[in-house]
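Asker: Mind having a look at this structure? Questions to follow.
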Amino acid sequence: MALSRLSSRSTAISRPFSSAFSRFLSTDTTPITIETSLPFTAHLCDTPSRSVESSSQELLTFFRTMALMRRMEIAADSLYKAKLIRGFCHLYDGQEAVAIGMEAAITKKDAIITAYRDHCIFLGRGGSLHEVFSELMGRQAGCSKGKGGSMHFYKKDSGFYGGHGIVGAQVPLGVGIAFAQKYSKDEAVTFVMYGDGAANQGQLFEALNMAALWDLPAILVCENNHYGMGTAEWRAAKSPSYYKRGDYVPGLKVDGMDAFAVKQACKFAKDHALEKGPILLEMDTYRYHGHSMSDPGSTYRTRDEISGVRQERDPIERIKKLVLAHDIATEKELKDMEKEIRKEVDDAIAKAKDCPMPEPSELFTNVYVKGFGTESFGPDRKEVKAALP
Amino acid sequence: MSAILQGAGAATSLSPFNSIDSNKLVPPSRSSLSVRSKRYIVAESNVIKSFGSGLITRRSKPLIANAVATKRENAASSTSSKPGHELLLFEALQEGLEEEMDRDPHVCVMGEDVGHYGGSYKVTKGLADKFGDLRVLDTPICENAFTGMGIGAAMTGLRPVIEGMNMGFLLLAFNQISNNCGMLHYTSGGQFTIPVVIRGPGGVGRQLGAEHSQRLESYFQSIPGIQMVACSTPYNAKGLMKAAIRSENPVILFEHVLLYNLKESIPDEEYICNLEEAEMVRPGEHITILTYSRMRYHVMQAAKTLVNKGYDPEVIDIRSLKPFDLYTIGNSVKKTHRVLIVEECMRTGGIGASLTAAINENFHDYLDAPVMCLSSQDVPTPYAGTLEEWTVVQPAQIVTAVEHLCQ
């Protein structure tokens, strides 16, 4: 009851601001051209133009969604330390530009598949904060009914295929999704995401060979945050130019901290994949947190390095500067937006905390799918031993 | 070959198990692909009454597929005059696969040399010419990746039939089969189904060497979320292949290298075998012998000797390796009170080991003697013919074991 009073009070406070923003968010679509921070580097293909078409609406949406993602990950950090999230929790803060830029370039018909650093990509694909926090805390309302956890977020209706614990294994899956898209003539593409660590998995090259052989619309995106857990990329890969490792497959190296560069590259890649087959994208990005919550993140890199990247290349700061430079919103308005986001995240956490744990009977559901209408009873045919097909 | 005819005769009393509208089983298809709806018969191996009463019991309403249309003049006569057609086991598999591919455009095949070459055991012969190179896909040699690819395609709604040229090669794809194939339905909270069929020949062949004579059912049996079936006759090969393709769950269909050339007469009409059911090969009173795949024939050979010696063994081909059909097995144990398991898996951690545990747990009170399990030796299969013969269970050992148990 106190909660509902609190939430009603918060909406009363935030209403004037949200109406002010809705003025910006909904109407202004006059095109703005933005230059990407760095040029693209290409391997066996042309580079896309550095000028990206955008609008104030898009800029503000970028800022808002990235701030939401950042806030969500930091809140997940606190929840983990409070032991409400258990197991492994891999946080995406610092890498938001990749998720946002990619979403801006594609539709929900296109598929995305990634490994375990999937919270923000799930959000970008249309997942709600409530589903995220419920799943992280193992509640019924989670996107996988609480049975998946941090590493198993899926959203079938918007083409998000997970969420996989074993890195590298999602690459053949993603190529399979691309195969199905080609088989069914969907005119859609699949973005198969993996990290610099998983880039050394053999199955990646096997899958890339097949994708190139049959011209499948697969785009392999290497989110190069330069560390495979504790191992720096130069210690794990003889050739750290991940965009070139496709050999006969064209590749593009992108500044992954610049959302517009990501958007441009993904648009380019989608067009390429639909016409000519697979392409490799390397997103040069960085994660502020350690590999997961069990990793402090400072034993293999210096704090100066982390704070240096945060000062010079932070994706949200970049968008903020662009917003201010183009006079789309004032500093104060952006700060208020951030406060509103903070409240939104806190409300979602509170709502998720209230959500019940899954029923014990849920242990046996979704192991098999019922088909043929047969049920397997125990030997006496009276007791259903398990929910078998 | 009387063993085969005996098997065929015993298991062919069919009654329509569940006439379900096949449309309900088809996943929502994209507008470009649609499924022809057909009714079908699910075959139940129920031998209590009609041991030799013919192949099909027909219902009054027409349930049938194309074959009957040409035989309309026989409709009035009893079904025992239905001729059926004779074919080899690999042809039965091919027929089942082809029928399913005709019926549902989502079904596709992928594997090494399945397309232009026609399949290393000719199971996919002619399919690439009929359905095209994309639907019958020749993959490079990368089991891990193409199994993963099949699973990824299944997540979107396709129904791939993934062939491992030899079951042993699928060890390379273990991660995909265990983590993605088996678990995705559960970890996604039911959002994704993985209707793949993973099939291939396994088992000890004729001096193929250690790495090509593996029995993978023991490794896969604890993966949650998958079903495993083993076919042993052309009849159940076709039926299980069709059922596996139609099932929404991932099914691993174990074939045996030495059984591909078995000949049998199978019905012309469309039929499906129940995936979770065991097959009663020979009803008896004295002892229950549980077996599957190639060992079924060793058991039947031993059964001839046993019958001459005055024993009456009940032979059940368990067919469903995961989950076990404890209903059929239980009824048999309650009748005979003695169990012998004959399998080709290794002794340690094999299907027989799990089955022994399951029977002891559920039917302990009905047993007059401990469950005995004859398995292959815990050794890599040697090349030399005589040694290879002794790694697997031979009929003479089965006879001795039965005599020992029935004392």
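The values are calculated or read from the model by the stated rules, or taken from the named source; none is laboratory data. Bear in mind that the values here come from a model prediction, so they are computed numbers and not experimental data. Here Cβ is always computed from backbone atoms with ideal geometry, including for glycine, and neighbour counts include all displayed protein chains. Ligands, DNA and RNA are stripped out before the accessible areas are found, and what is left, the full protein with its side chains, is counted by its heavy atoms. Shrake-Rupley method; radii C 1.70, N 1.55, O 1.52, S 1.80 Å.
Asker: Go through region B:212-240 residue by residue and tally those that are within 14 Å of another protein chain (Cβ to nearest Cβ) and part of a loop (DSSP other than H, G, I, E, B). Spell out how you get there, then give the answer.
Answerer: If we filter region B:212-240 for residues that are within 14 Å of another protein chain (Cβ to nearest Cβ), which is where we start, we get B:222-229, B:239-240.
Filter once more, keeping what is part of a loop (DSSP other than H, G, I, E, B): B:222-226.
Going through region B:212-240 one residue at a time, the tally reaches 5.
Asker: For region A:166-188, enumerate the residues that are within 17 Å of the chain's Cα centre (by Cα), of a type in the set (Gly, Ala, Ser) and more than 7 Å from chain B (Cβ to nearest Cβ).
Answerer: A:Gly168 - this is the single residue of region A:166-188 that is within 17 Å of the chain's Cα centre (by Cα), of a type in the set (Gly, Ala, Ser) and more than 7 Å from chain B (Cβ to nearest Cβ).
Asker: Given B:Tyr271, B:Tyr235, B:Tyr260, which one is in contact with a helix residue (DSSP H, G or I) (Cβ under 9 Å, 6 or more places away or on another chain), within 27 Å of B:Ser120 (Cα to Cα) and modelled with pLDDT of 95 or more? Lay out the reasoning, then the answer.
Answerer: Working: B:Tyr271 fails: modelled with pLDDT of 95 or more; B:Tyr235 fails: modelled with pLDDT of 95 or more.
None of the others qualify; the one that does is B:Tyr260.
Asker: Going by the structure shown, is B:Ser376 within 18 Å of B:Ala278 (Cα to Cα), crowded, with 16+ Cβ neighbours inside 10 Å and not acidic (Asp, Glu)? Spell out the reasoning first.
Answerer: Numbers: within 18 Å of B:Ala278 (Cα to Cα): no; crowded, with 16+ Cβ neighbours inside 10 Å: yes; not acidic (Asp, Glu): yes.
Here the answer is no, as B:Ser376 does not meet what is asked.
Asker: For region B:152-173, check the following and say yes or no: at least one residue is closer than 20 Å to B:Glu255 by Cα, more than 20 Å from the chain's Cα centre (by Cα) and at the interface with another protein chain (Cβ under 10 Å from one of its Cβ atoms).
Answerer: yes
Asker: So which strands (runs of 3 or more DSSP E) stay within region B:273-335 end to end and still have 1 or more residues that are within 14 Å of chain A (Cβ to nearest Cβ), without any contact (Cβ under 8 Å) to a residue 60 or more places away in the chain and open to solvent by less than 10 Å² (accessible area, probe 1.4 Å)? Steps first, please.
Answerer: Details: elements: B:279-282, B:287-291, B:313-317, B:320-322.
Here the list reads B:287-291, B:313-317.
Asker: Report those strands (runs of 3 or more DSSP E) wholly inside region B:107-189 carrying at least 3 residues which are surrounded by 24 or more Cβ atoms within 10 Å (Cβ to Cβ). Write out each step before concluding.
Answerer: On the way: elements: B:107-111, B:136-138, B:159-163.
Answer list for region B:107-189: B:107-111, B:159-163.
Asker: Moving to a separate point now. Among the residues of region A:360-376, are any surrounded by fewer than 17 Cβ atoms within 10 Å (Cβ to Cβ) and either more than 14 Å from chain B (Cβ to nearest Cβ) or modelled with pLDDT of 95 or more (or both)?
Answerer: Yes, the conditions are met somewhere in region A:360-376.
Asker: What pairs come out if I take residues in region A:169-189 that are more than 19 Å from B:Thr139 (Cβ to Cβ) and pair them with residues that are in a helix (DSSP H, G or I) and modelled with pLDDT of 95 or more whose C-beta lies under 6 Å away, six or more apart or interchain?
Answerer: Note: pairs meeting the criteria are A:Ala188/A:Gln181; A:Val189/A:Lys270; A:Val189/A:Ala273.
Asker: For the subset of region A:75-134 comprising residues that are assigned to a helix (DSSP H, G or I) and of a type in the set (Asp, Glu), which member is nearest to the other protein chains (Cβ to nearest Cβ)?
Answerer: Kept after step one, since they are assigned to a helix (DSSP H, G or I), are these residues of region A:75-134: A:75-81, A:96-105, A:119-124, A:129-134.
Pick out the ones that are also of a type in the set (Asp, Glu) and you get A:77, A:96, A:103, A:131.
Values: A:Asp77: 23, A:Glu96: 24, A:Glu103: 20, A:Glu131: 10 Å.
Ranking the qualifying residues of region A:75-134, first place goes to A:Glu131.
Asker: Could you identify the single residue in A:Ser78, A:Ser150, A:Ser134 that is touching a Phe, Trp or Tyr at 6+ places or on another chain (Cβ under 7 Å) and of a type in the set (S, T, N, Q)? Explain how you work it out, then say what you get.
Answerer: Numbers: A:Ser78 fails: touching a Phe, Trp or Tyr at 6+ places or on another chain (Cβ under 7 Å); A:Ser134 fails: touching a Phe, Trp or Tyr at 6+ places or on another chain (Cβ under 7 Å).
One residue alone meets the criteria, A:Ser150.
Asker: Run down B:Val251, B:Val307 and say which single residue is more than 30 Å from B:Arg338 (Cβ to Cβ) and not small (Gly, Ala, Ser). Working first, answer last.
Answerer: Values: B:Val307 fails: more than 30 Å from B:Arg338 (Cβ to Cβ).
Only one candidate qualifies: B:Val251.
Yes or no, residue by residue, for (1) modelled with pLDDT of 65 or more; (2) within 24 Å of B:Leu240 (Cβ to Cβ):
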{"site": "B:Gly52", "(1), (2)": "no, yes"}
{"site": "B:Ile64", "(1), (2)": "no, yes"}
{"site": "B:Glu73", "(1), (2)": "no, no"}
{"site": "B:Ser78", "(1), (2)": "no, no"}
{"site": "B:Gly96", "(1), (2)": "yes, yes"}
{"site": "B:Leu127", "(1), (2)": "yes, yes"}
{"site": "B:Phe131", "(1), (2)": "yes, yes"}
{"site": "B:Val136", "(1), (2)": "yes, yes"}
{"site": "B:Ala153", "(1), (2)": "yes, yes"}
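Asker: Let me ask something else about it. Which residues, counting only those in region A:245-276, are part of a loop (DSSP other than H, G, I, E, B), in contact with a strand residue (DSSP E or B) (Cβ under 8 Å, 6 or more places away or on another chain) and open to solvent by less than 10 Å² (accessible area, probe 1.4 Å)? Working first, answer last.
Answerer: Keep residues of region A:245-276 that are part of a loop (DSSP other than H, G, I, E, B), which gives A:245-250, A:256-258.
Those left that are additionally in contact with a strand residue (DSSP E or B) (Cβ under 8 Å, 6 or more places away or on another chain): A:245-246, A:249-250, A:256-257.
Matches in region A:245-276: A:Gly246, A:Val249, A:Gly256, A:Met257.
Asker: Restricting to region A:197-220, and then to whatever is within 18 Å of the chain's Cα centre (by Cα) and surrounded by fewer than 24 Cβ atoms within 10 Å (Cβ to Cβ), can you tell me which residue is nearest to the other protein chains (Cβ to nearest Cβ)?
Answerer: My answer is A:Ala198.
Asker: May I ask you to say which residue of B:Ile341, B:Ile398 is within 19 Å of B:Val204 (Cα to Cα), more than 22 Å from the chain's Cα centre (by Cα), at pLDDT 95 or above and surrounded by 19 or more Cβ atoms within 10 Å (Cβ to Cβ)? Let's see the steps before the verdict.
Answerer: Values: B:Ile341 fails: more than 22 Å from the chain's Cα centre (by Cα).
Sole residue among the options that is within 19 Å of B:Val204 (Cα to Cα), more than 22 Å from the chain's Cα centre (by Cα), at pLDDT 95 or above and surrounded by 19 or more Cβ atoms within 10 Å (Cβ to Cβ): B:Ile398.
Asker: Within region B:336-364, can you find the residues that are farther than 24 Å from B:Tyr311 by Cβ and not in a strand (DSSP E or B)?
Answerer: In the first step, residues of region B:336-364 are kept if they are farther than 24 Å from B:Tyr311 by Cβ; the result is B:345-351, B:353-354, B:357-358, B:361-362.
Listed by number, the residues that qualify are B:Arg347, B:Thr348, B:Gly349, B:Gly350, B:Ile351, B:Ala353, B:Ser354, B:Ala357, B:Ala358, B:Glu361, B:Asn362.
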